Amino acid sequence: MKNKYKFLILGFLALLFLYIFSFFISFILSLTLNKYFDNEENLSTSDLIYNEISKDKLSVLHNPFSPKFGNLNSKNKIVMFLDFDCEFCKEAYPDLRRIMLEYKDKVVFEFRNLPLTTIHPNSIVDANLFMCSVLNTDYFLEVMDLLYTENFSFLDFSQVEEYFVNLGFSTTEINDVKKCYKNSSYNNLIVKDVYNASDLNLSGTPVFFVNGYKFSGALTYENWKEILSILD
C-alpha cells in the first residue's frame with residue numbers, strides 16, 4: 001500500500017514538473033516571437049524585400065519592344081514582371097496603378113510577361129490580349145484595368161470588343177488588335193520575357209526592378225513611396 005501511494009506521489013510530482021516546464025518553454029517562446037515580430041515591424045521596406053542583381057544581368061531588364069508607360073526619356077526605370085491571373089498581382093495593382101500615375105513624369109515603367117501557366121493556364125491568353133492591345137494602341141492602363149480589376153475571363157475576342165469601343169478604340173485599332181490576338185503575333189515577345197525571367201531566377205510574381213534593384217511581392221503604396229523616395 002505504501003508503495004502505491006509512493007508511486008502516486010511520484011507520478012503527481014512528475015506531472016507537476018512537466019506542467020511547469022512546458023509553461024516556462026511557452027513563456028520563453030512567446031518572448032522570442034514577440035521580439036522577432038517587433039523587429040520585423042521596425043524594418044524598412046528595403047530591409048525586407050531588397051535585392052540587387054548582378055551587373056551582368058542588367059541587360060536582361062531591357063527590351064526595346066516591351067510595352068512602356070510614363071516618361072520614356074527618364075533615367076529612372078521600373079521593370080515589372082507580372083501575371084494577369086496572379087492573385088498577388090491583382091492585390092498589388094491598385095497601389096501600383098496609383099504610383100504609375102503619380103510618377104509618370106519621372107519614371108518609365110516597362111511591362112514584362114511572366115505567365116505562370118502551370119497554375120494559371122489562361123494567363124498566356126491574357127498576356128497575348130494585353131500585348132496586342134497595348135502595342136497597337138495607347139491604352140496601357142485601361143487594358144491593365146480590364147485584366148486586373150474587371151475580373152474578366154474570356155476565350156473569344158468578341159467579349160472584349162464592347163469594352164474597347166467604350167474606351168474609345170477606333171474601328172481600325174480594334175481590327176488590328178483582333179488580328180494580332182487571333183494570330184498570337186506577340187507570342188515570341190512573351191516567350192522571351194519568360195526566358196529573361198528564368199535568367200533572373202524568378203519563380204513567382206509580382207516582381208519589380210527599380211533601377212536594377214529587385215523588389216518582390218504585393219507592394220503597398222507606402223512601400224512604393226519609401227522605395228521611390230530617392231527619386232523625389
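The residues Ser184, Ser123, when put in order of fewest to most other Cβ atoms within 10 Å, stand as Ser184, Ser123. Near Pro206, once Lys and Arg are set to +1 and Asp and Glu to -1 for all other residues with Cβ below 14 Å from its Cβ, the sum equals -3. Cross-link pairs exceeding 32 Å between alpha carbons, from the set Lys75/Lys182; Lys90/Lys178; Lys182/Lys214; Lys104/Lys192; Lys75/Lys179: Lys75/Lys182; Lys182/Lys214; Lys75/Lys179.
Spatially, region 135-205 and region 64-95 are offset by 13 Å when compared through their Cα centroids.
The length gained by stretching the chain between Asn183 and Arg97 to full extension, at 0.36 nm per residue less their Cα-Cα distance, is 28.0 nm. With neighbour counts taken as other beta-carbon atoms within 10 Å, the residues Glu142, Glu102 rank, fewest first, as Glu102, Glu142.
Computed from label points 7 Å out along Cα-Cβ, the spacing between Ser59 and Thr172 is 3.8 nm.
Taken together, the values in this text are just the output of simple stated rules run on the coordinates, not laboratory data. Because the structure is predicted, anything quoted here is derived from the model rather than measured. For neighbour counting, all protein chains shown are included, and Cβ atoms are generated from backbone atoms with ideal geometry for every residue, glycine included.
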